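Some notes on the structure that comes next.
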Amino acid sequence: MAPGYGISSIGSYANDPYFMYALNSYNPNFMGTQQSVQAPAAAQSAPAAAVTTEPAGIDPTFKGSEKDDDDGISTGKLITGGLLVAGGALACLKAYKRGDGTGLKKMFNGFKQYGQKLLGTSAKEVAEKAADKADDAAAKISNIIKNGGKNLQECNIKNGADNIVLKGGQIDSIVQTTENKIKNISGISLPNGINLNSKGVNLSGIERTINLNGKNYKVVLDTNGNVISAFAGKNKINPDDVSGLVEKAQTYTHQLKGIKLTLPDSHGVPTDYTRNYHISVRNGNVVDATYVLNGQTKHLTEEQCKLLQETIPGEIAKFGRAKNGYGLNPQECIYEYADKNRRYLFNGNSRKVTEAYDIKSKTLRKPKDVEDYITKHGLQDIITTGNLPSNMEITSAIYESGAGNIYTIGKNGKIEKIKLKNACTVTTGKGKNTKTHKYQAGAEITTANNQIDIWRNGVYGNNSDYEEVSKLLQ
């Protein structure tokens, strides 16, 4: 293989009328194909002033979810859920998967089927209808393919412990990482200053000891609450072979005090009772609730459990959460932290290291080494179709917008930082609350103190530029 691993995104689709028509269709919804919109004169002429500093605050978080359209066509993403990489005409796109890992071929076949289902007409009419529809994902995909490659400066893809670096639509390097488990961890402790709130510390999993029918089992769950392994003593077992083990491992209990609930009294009259309840919750549902009356334990009925859940939905949602939640003990939470030389798994309560691994890394740059790696790991699709296997994820991307601003995008698929090409001044508030924010060329702004929101909303052209990139992440 020659140096530089370019990715062809079009290939055999050049003769496909559905694809080519959508590819060449004008799409007003994609701002990257248009010239940057000039800011209104009023905004351009805002008086210069000294930079103001907003009070320090908590970084705002973006709340939202990634959606796949029911008809098999998804909105292109730079991050999370997969990536389509195409040299010369490629951007980070969401891999169009439905559990079996599909690439460009199925993606564009899905585009055809979607259009035919809507219209049942000719190829040109189908493509024209889809390309003109502002919210149609296939039209956005064609625009991203045409314009994304040159703008995608860098993208980091995680393959297990390894990191694949893409630059300019090519594989630039592969950082290969190997780990050796340390058998004797006595005396090994976390680096000084590392705690649950430190950067780079993540919840790795949950380990619970479950007593069932007089026997103890250790059950390991992932961060979503799925049981991934179980042990009887030192012997690994199939958790499904022990009746009730999975259900009990996924059930969290807690004592809630002073809960007011309207229930029928002994005569059937609705009456307000304020009691302490011992509640069991599984998969977000109250499966049992008890209280003590005159020294006897009473159970709520199934309907009363539902009523209880409707009364305190916010409390129920906390069950099974690792932080500030109910039913999960801190010692059951296992956290992970890694530096350049070692990876640690540690108990969330005592910070005691439960496992440790020595890390060794080497960077592959030579064409032969890179080719051998992608062949060994079955990653040829990255350089042929741009399709990522489902077990890979994006850790970061750097994208240059049409206006020349440099966007840094995190592994959560959200914009984290913007390096500005041009200086601008933004004025917020009115009267005594007026504030002037001056941004220099080359300045880097983040979500801290709402700086990105202030910059993007202060000038129309800024918002257009921001929306151009945001639409790639939807």
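Miscellaneous remarks
- Condition check for G205 on (1) over 17 Å from I334 (Cβ atoms); (2) touching an Asp or Glu at 6+ places or on another chain (Cβ under 6 Å): one failure, at (1).
- Every condition in (1) assigned to a loop (DSSP other than H, G, I, E, B); (2) out of contact with any Lys or Arg (no Cβ under 6 Å at 6 or more places or on another chain); (3) among the small types (G, A, S) holds for G404 except the one numbered (2).
- Segment 428-450, subset under 28 Å from the mean Cα position of the chain (by Cα) and open to solvent by less than 40 Å² (accessible area, probe 1.4 Å), residue farthest from E400 (Cα to Cα): A448
- Those strands (runs of 3 or more DSSP E) of segment 275-356 in which 1 or more residues are in contact with a Leu (Cβ under 9 Å, 6 or more places away or on another chain) and without any contact (Cβ under 8 Å) to a residue 40 or more places away in the chain occupy 285-293.
- Count of residues meeting criterion [part of a strand (DSSP E or B) and open to solvent by less than 80 Å² (accessible area, probe 1.4 Å)] in segment 245-257: 5
- Any hit, segment 358-366, residues being surrounded by 14 or more Cβ atoms within 10 Å (Cβ to Cβ), at pLDDT 90 or above and closer than 21 Å to K199 by Cα: yes
- Pairing residues of segment 368-379 that are closer than 15 Å to D172 by Cβ with residues that are hydroxyl-bearing (S, T, Y), at Cβ distances under 7 Å and at least 6 apart in sequence or on separate chains, gives V370/Y5.
- Qualifying residues in segment 217-244 (those that are more than 24 Å from Y335 (Cβ to Cβ) and assigned to a loop (DSSP other than H, G, I, E, B)) - the one most open to solvent (accessible area, probe 1.4 Å): S243
- Selection count where residues are open to solvent by less than 50 Å² (accessible area, probe 1.4 Å) and either more than 26 Å from the chain's Cα centre (by Cα) or over 29 Å from G410 (Cα atoms) (or both), scope segment 178-216: 8
- Residue list for segment 455-465, filter: free of Cβ contacts under 8 Å to residues at least 60 places away in the same chain and crowded, with 16+ Cβ neighbours inside 10 Å: W455, R456, N463
- Among the candidates I394, I398, I409, I383, residue that is within 21 Å of E468 (Cβ to Cβ), among the hydrophobic types (A, V, I, L, M, F, W, C) and at pLDDT below 80: I394
- Subset of segment 294-309 [over 17 Å from R282 (Cβ atoms) and either loosely packed, with under 10 Cβ neighbours inside 10 Å or of a type in the set (D, E, K, R) (or both)]: N294, G295, Q296, T297, K298, E303
- Hits in segment 340-357 - residues which are open to solvent by 30 Å² or more (accessible area, probe 1.4 Å) and closer than 17 Å to A161 by Cα: K340, N341, R342, R343, E355, Y357
- Residue match in segment 431-443 (condition: in contact with a helix residue (DSSP H, G or I) (Cβ under 7 Å, 6 or more places away or on another chain) and within 30 Å of K158 (Cβ to Cβ)): no
The values are calculated or read from the model by the stated rules, or taken from the named source; none is laboratory data. For clarity, every value in this text was computed on a predicted model and none was experimentally measured. Virtual Cβ from ideal backbone geometry, glycine too; neighbours counted across all protein chains shown. Note: accessible area is taken over every heavy atom of the protein model, side chains too, but ligands, DNA and RNA are not part of it. Shrake-Rupley method; radii C 1.70, N 1.55, O 1.52, S 1.80 Å.
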